[in-house]
Structure formats: structure tokens, C-alpha cells
1. State all residues of the stretch 205-247 that are among the acidic types (Asp, Glu) and closer than 30 Å to residue 352 by Cβ; if no residue qualifies, say none.
2. Of the residues in the stretch 60-86, how many are buried (at least 22 other Cβ atoms within 10 Å of the Cβ) and part of a loop (DSSP other than H, G, I, E, B)?
3. Among (1) buried (at least 22 other Cβ atoms within 10 Å of the Cβ); (2) part of a helix (DSSP H, G or I); (3) in contact (Cβ under 8 Å) with a residue 60 or more places away in the chain; (4) not basic (Lys, Arg), there is one condition residue 49 misses while meeting the rest; what is its number?
4. Can you say whether residue 127 is outside any strand (DSSP E or B), crowded, with 19+ Cβ neighbours inside 10 Å and not small (Gly, Ala, Ser), as far as the supplied structure shows?
5. Need the failing condition index for residue 286 against (1) in a loop (DSSP other than H, G, I, E, B); (2) under 30 Å from residue 42 (Cβ atoms); (3) among the β-branched types (Val, Ile, Thr), just the number.
6. Tell me the residue from 93, 35, 41 that is in the same structural domain as residue 125 (by TED's automatic domain parsing), surrounded by fewer than 20 Cβ atoms within 10 Å (Cβ to Cβ) and in a loop (DSSP other than H, G, I, E, B), please.
7. Can you pull out the residues in the stretch 125-152 that are out of contact with any Gly (no Cβ under 9 Å at 6 or more places or on another chain) and of a type in the set (S, T, N, Q)?
8. Just to be sure I understand the filter: pairs with C-beta atoms under 6 Å, separated by 6 or more residues or on different chains, first member in the stretch 6-29 and at positive phi, second member among the acidic types (Asp, Glu). Which pairs pass?
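The values are calculated or read from the model by the stated rules, or taken from the named source; none is laboratory data. In this text the structure is predicted, and so the values were computed from the model without any measurement. No Cβ is skipped: glycine too gets one built from the backbone with ideal geometry, and neighbour counts run over all protein chains shown.
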Amino acid sequence: MLISHISDLHLGYSQFSLEEREEDVYQAFHEAIDVSIKERVRLIILAGDLFHNPRPCGKAIITLGNILKKLKEKQISAVFVLGEHDISRLRDVPFVHIYSNLGLAKKLRCDEPFKIENCILFGADKERRSSIDSLIEKMRHAEQLAKQHDGNKVLVLHQGLADFNKFAGELNSADLPAGFNYYALGHYHDHLEKRFEFLGGPLAYPGSIDLTPSEGIKEADKGFIITDMSGEEPSTQWIRLESRRQQFSARIEYKDIVNEVDQIIKKATAYGKKPIARIEVAGSNIDSKVIAEHLKKLNDCCLHYIWQPMQEHLATTVYDSKPADIDSELYRLSAEALGSDELAKFTVGEVLPLAAEKDAKSVLEILWQAYKLNRFGGHDVK
């Protein structure tokens, strides 16, 4: 049996508020589904963050609904768990539940397996660090139920593992229940796979299907995983999505701006779709008006571009979009400033995402709850 494992769709996200970028995300999802149908998969796993916002736009709702309807017509089952972007902090019922209620997809649980052919699946929604003990208890229950099944067993989660990022992870691999043939994970936006002998089967993150706000502008492949469960051990194949709009960063010298811009134009026009570009201009005595005038040439070959001067005398490090370990660096700096690893994890992992979405009500709620529960002992949460 073949399973498609897709995560972190973020349907409805529009980079730079561009309609074309919102369409790009839908197109990437359609491609993943079309490839899955062509490969005759039997099951689609959607491992969280189906939507970019817990109150998704109409087009995102319709797109997901139409795709799930298409899968049902082709007798391909679909299951899902919720990511943090699917869950409202105001305790509203997550919108994704409507697809389960309509019979278009099955929401996975840890106390009731979903069975298909000789395979059973368990799953749990994203939990905050403060609720990890509850999640571990749910997984232990799933582990006991799974022991009663002789066939393949799959666990689906939307959580970060500290084994890959010690600051961003809420769980360790040792917290996961053993004995499952495949661990289908979501949350990390890079493709990651690893096997832990004490667990059993492989553990995999397919990564997001397109670049998201936390990743910035960079050259990156995106895709999903097709897992073959028919052998003695599952085998995985990561499928690159070909329809994606490319993005890149370039550093140019101000003194040679004419030739450098021509090289960027040559690179941009080589892509099938107009790319997104981020330009750093290095040099001294930089005149922003001169730069803007030359970069106007990119309007014909790039969907969107941004630029930033890099003065030679400035010693400050400017991060290019998002280094591979920007999460770790952010946690490290926060821990230094706050004097507490736990406070840093709370601030960056729970408060910052809400603040970034300008969800002031939820920020106040989570701070108040932390204060009432005295989560940080002698540390003040202000």
C-alpha cells in the first residue's frame, strides 16, 4: 500500500500579499495530489497546518474541499491532524473539522485507530509545551492499542522534535511510542528523515509545500513523501514539486551595478515562472536612488523583488532570509536576554507566533494563563 505524506500546506498564505503567491500554494498542493493519484496511492496523510490561518479565506476552504471531494470520488482515503495554524487560541472549533463532519476526511485520534487494509493509524493535534505531558499520555494509550494489531502501524503528529532542533522541539524521540512502522510528522518546514532503532520504523518530515514567512527568500526545493508500506519495512521516496515559483538571493557590488543587474536578469528569465528575488547591494557611498533606478529593470522578469544596502563600514551581521538554524539562534539570544531557557521557549515558541499575527487578545490570554499557573516560578512574565 502506498501512502502520500504531505504537511504544512499553509493554504491561504500570500507572500507579500500577492495573489499570484497565494495561487502558487494552491498549485503546489494540486500537483502533490495529482502525482499521488497517478502513483495510485491508497491514502493521503495531511500532517497539520492545512491552513495558514485558523480563520481561512474562502478560496482556501474551497480548494481543500474540492481536493478532498476529488480523492473520495477516486476512493482514496484522506486523514489529518491539526497544526498550530489550524487551531484558534480563542478556543473556537477548528474549521478543518467540517471536512471530517462531511465525511471527506478522517481526523485522527490516539484513542481510536483509523483502519485501512492491513494498516492502522493514530494521530494527535499540535500541543503547546505546557500540554506535552497530556500528549505523551495520549501516545502511550495509542501504543497499547497498537500492540493488539499485527499489521502496519502509523503515528501522525504535528510536533517539533528536539533531536533535530533542541530549541524548537517540544518532544524528544524518546517520548514517542515504540513499535510503529512509520512516524509521519509535520511542523518542521525542511525535509528530514531519520531512523531510531528503539522506535522501529522511520520518522519523517516532508517539509512545507512552499516557502512560508519563517523561511524568508531563498533557493529551496519543496515536496512531499510517498511511503510504500508493502514490504517488510516501509520505504520512502521524497517527491520534488516541479510547479513551484523559484526564489533566490543575490549579493551585488554597487560599483559594478550595471553588469550585476544584467546577471540577475539572465538568472531570473531562465525560470519558467517569474521568481521572487532578494538583492543585497554591497559597497561604499551607496546612493539608494541610483540602485532603485537600475533595479527597475527587474520588474519585467521578477514577480517581486526587495533590496537592501550593505555598507562596507557596517559590522552588523545581516541574516539572509533565514539561516538553517535561525530558530536555534533566536532561542539562544532569548535565553541570554531572559536568563531562562524555559522563558525563552515560552516567549519564542508560544507568544511570538501570536504577536506576529497581531493576535493581541490571544497574547494576553496566554500570558495570563502562564501567570495563574505560575509556570516559571520566580521569573516574572511581563
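1. 210, 215, 219, 221
2. The qualifying residues number 4.
3. (2)
4. So residue 127 passes the test.
5. Residue 286 satisfies all of (1) in a loop (DSSP other than H, G, I, E, B); (2) under 30 Å from residue 42 (Cβ atoms); (3) among the β-branched types (Val, Ile, Thr) except (2).
6. 93
7. Of everything in the stretch 125-152, those that are out of contact with any Gly (no Cβ under 9 Å at 6 or more places or on another chain) and of a type in the set (S, T, N, Q) turn out to be 130, 131, 134, 144, 148.
8. Correct list of pairs: 8/49; 10/49.
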